[in-house]
Structure formats: structure tokens, C-alpha cells
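Q: For reference, the structure I am asking about is given below.
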Amino acid sequence: MANRKWTEEELNYLKAFYPKEGAESVAKKLGRSRDAIKVKASRLKLDRRSQIDYKRWSLSEISFLKKYYPIKGSAYVAKALGCTGKKVRSKARELKIRRQTLLYWSRAELEYLRDWYGKKPTTEIAKALDRTPDAVRMKAQTFNLKSTRSRLWTESEIEYLRQHSATMTLSEIGKELNRSRESVSHQLHRMEIRKKQLNPWSAEEIELLKNKYGKMPVKELAGILKRSRSSVLGKANGLGLQKSRSPLYTSKDKEYLRRFYLQKSNTELARVLGRSVGSIELMAKKLE
């Protein structure tokens, strides 16, 4: 039994299942001893330890690994994916993914970070150091560096503020410039810029607002005007506009709703009956 030759089928089975199932399982399947299996596997350089990577990685797991391994490390990824740190590190080596935090920071880079963190936008510092913004923030946290509230606004920041203040919220601008919402708001005041002045309401828009406000959902009206919901509500409040109470549903309205509720969309029903979508939904529930 020990001297019988290995067939091609046996060798293929050994190569396929030894890394996954081990010597004992393969030995039972092939009718050979456990030692014979281990000796042959050794000659073929088959490694049982490759079992670590046997479980296939899904696309979502690979994406998670690529995104978080460089900045969080194997322990974080392993805990999130429910596997071992060894498996994570093995897969990272296979995909040639490196830890960013393991990259060496020179003394000059650290001095630059200490001098400018909180005074320049994080994106600008990252570009100067040829690193990612996340790497810059993580290193700053390591040294307990924080943004200072009183740092001066640079010309590039002011220009960015002029270009985007009409299309971005204060919080969004603050995140891009590594400043607080209050800091952005104060700078706009210093520049004598008001977000509402940067995109003034035309006479046609005001007329449309007066005619439609209270007769259709604010969100839908905001879409027509290509403005935010808060902008529409603020302007309506400034003009003293109030939502009028919807007229009572007539028996004809209710009959129409019963007949076509399952056939037409709520938006279409609202348009036909001159009501809001929310009003249609409420009445439909009452008629159930």
C-alpha cells in the first residue's frame, strides 16, 4: 500500500484539498496513511497554512480592506470582517496594500505639520507633504495638534469662500477648509457677503412663490425654483406668506380618489385634485 504509485487523479485531489482539509481528511478519501499524505504534500511543497486564505474574499470585503487597512490596520479590519488579523495581513500582502501609518515621517515633515496644522487647510498640507488628508489628520491626532480658532484666513481660502459660498453650506465649506461653521460665517460677515445676497430672488421667482406657496409641497416648490427647502421657507417667512388650509374634500373628490388610487401615482392624483401628495396619502388612509 505504501509503495503504490500516485495516480494523476490522486495528485490533483491532494493539491486541491490538502490546503483546505488537511492530511487526515485526504488520507481517508484516498485510502492512504496520514504520514504518506504529509510526505507527498511536503514534496509537492503544499502548505497547510494556506488554509488561512481559503475562504474567498467578497468584493465588499476587498473594498473594505483597501479602504481601511492602510489607515486603521489589521486589528480594526479583522474585527469588522469577523476574521483573524493574520488572514487580513496575508490578504493585504497579496494585494500589496501597505499601512500608511507605518510610512516614515521625516523630522522636516513633522516640523512642517506642527507649524502649519490648524493654520492651513488639511488638503493643502497633505499636498505639500505628498500624503493623504486622512494621514495628516491621524498624525496630527498623534501629537494632539488642534486647529486654532484665531488663525488668519489665507488668500486661497478667501477665494474658495467667494467661489463656493452660494452653492455650499457653511458646514461643507468648513469641512473643506478645516474650519468651524462659525468661523466661516464670521468671515462671510467680514467680507460683507450674505449667502442670500449671492443668489438674489428674481421678481418672477417671488411671484411664483406667492402663487404656489401653501398649495403644493415645499420640497416640490423648491425643486421648481432650484433652491433649498430652507431657502424657500425663509423667503416665504420674510414675505409673510402662510400656508393656507386645504379645502375640505368633496364627495366627488373622495369618489375619484377611491376609483383611481390603485391605478395612478399619488403625484398624479395630487395634480388632478389640486392637493399635496401628503394630503392624498392622509385621505387615502381615512378612506380605507
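Q: Which of the residues that make up the range 68-91 are loosely packed, with under 13 Cβ neighbours inside 10 Å and among the basic types (Lys, Arg)?
A: If the condition is that a residue be loosely packed, with under 13 Cβ neighbours inside 10 Å and among the basic types (Lys, Arg), then LYS79 is the only one that fits.
Q: Of the residues LYS286, LYS235, LYS252, LYS243, only one is modelled with pLDDT of 80 or more and closer than 18 Å to ASN211 by Cα; which? It would help to see each step written out before you state the result.
A: On the way: LYS286 fails: closer than 18 Å to ASN211 by Cα; LYS252 fails: closer than 18 Å to ASN211 by Cα; LYS243 fails: modelled with pLDDT of 80 or more.
After ruling out the rest, the residue left standing is LYS235.
Q: Something else about it: List pairs: first in the range 115-136 and over 20 Å from TRP153 (Cβ atoms), second modelled with pLDDT of 80 or more and among the charged types (D, E, K, R), Cβ under 6 Å, 6+ apart or cross-chain?
A: LEU129/GLU109
Q: Please indicate, with yes or no, whether at least one residue in the range 137-149 is touching a residue at least 60 places away in the same chain (Cβ under 8 Å) and at positive phi.
A: Within the range 137-149, the first condition is being touching a residue at least 60 places away in the same chain (Cβ under 8 Å), and the residues that meet it are 138.
Still in the list and also at positive phi: none.
The answer is no; no qualifying residue exists.
Q: TYR256 is checked against (1) more than 19 Å from VAL277 (Cβ to Cβ); (2) out of contact with any Phe, Trp or Tyr (no Cβ under 7 Å at 6 or more places or on another chain) and fails just one. What number does that condition carry?
A: Going through the list (1) more than 19 Å from VAL277 (Cβ to Cβ); (2) out of contact with any Phe, Trp or Tyr (no Cβ under 7 Å at 6 or more places or on another chain), TYR256 breaks only (1).
Q: Please go through the range 127-168 and pick out each residue that is among the basic types (Lys, Arg), part of a loop (DSSP other than H, G, I, E, B) and modelled with pLDDT of 75 or more. Full working, then the answer.
A: Of the range 127-168, the ones among the basic types (Lys, Arg) are 127, 131, 137, 139, 146, 149, 151, 162.
Right, trim to part of a loop (DSSP other than H, G, I, E, B) and you get 131, 146, 149, 151.
Across the range 127-168, the qualifying residue is only ARG131.
Q: Residue check: is ARG99 of a type in the set (D, E, K, R), in contact with a Phe, Trp or Tyr (Cβ under 9 Å, 6 or more places away or on another chain), modelled with pLDDT of 85 or more and closer than 30 Å to PRO133 by Cβ? Walk me through it before giving the result.
A: Details: of a type in the set (D, E, K, R): yes; in contact with a Phe, Trp or Tyr (Cβ under 9 Å, 6 or more places away or on another chain): yes; modelled with pLDDT of 85 or more: no; closer than 30 Å to PRO133 by Cβ: yes.
No.
Q: Cβ-Cβ distance below 6 Å, separation of 6 or more or different chains: which pairs start in the range 265-277 with a residue that is at negative phi and part of a helix (DSSP H, G or I) and end on one that is buried (at least 16 other Cβ atoms within 10 Å of the Cβ) and modelled with pLDDT of 80 or more?
A: Filtered contacts from the range 265-277: ASN266/ILE280; LEU269/ILE280; ALA270/ILE280; LEU273/ASP253; VAL277/ALA270.
Q: Are there any helices (runs of 4 or more DSSP H) wholly within the range 61-126 with 3 or more residues that are closer than 26 Å to PHE143 by Cα, and if so which?
A: Details: elements: 74-81, 85-94, 107-116.
By residue number, 74-81, 107-116.
Q: When you scan the range 216-259, how many residues do you find that are more than 25 Å from GLU288 (Cα to Cα), part of a loop (DSSP other than H, G, I, E, B) and charged (D, E, K, R)? So that I can check it myself, show each step before the final result.
A: Within the range 216-259, the first condition is being more than 25 Å from GLU288 (Cα to Cα), and the residues that meet it are 218-244.
Filter once more, so that each one left must be part of a loop (DSSP other than H, G, I, E, B): 226-228, 239-244.
Within this subset, residues satisfying the condition of being charged (D, E, K, R) are 226-227, 243.
Going through the range 216-259 one residue at a time, the tally reaches 3.
The values are calculated or read from the model by the stated rules, or taken from the named source; none is laboratory data. Just so we're clear, the structure is a prediction, and the values are computed from it rather than from any experiment. Counting neighbours? That spans all protein chains shown, and the Cβs are built from the backbone with ideal geometry, glycine included.
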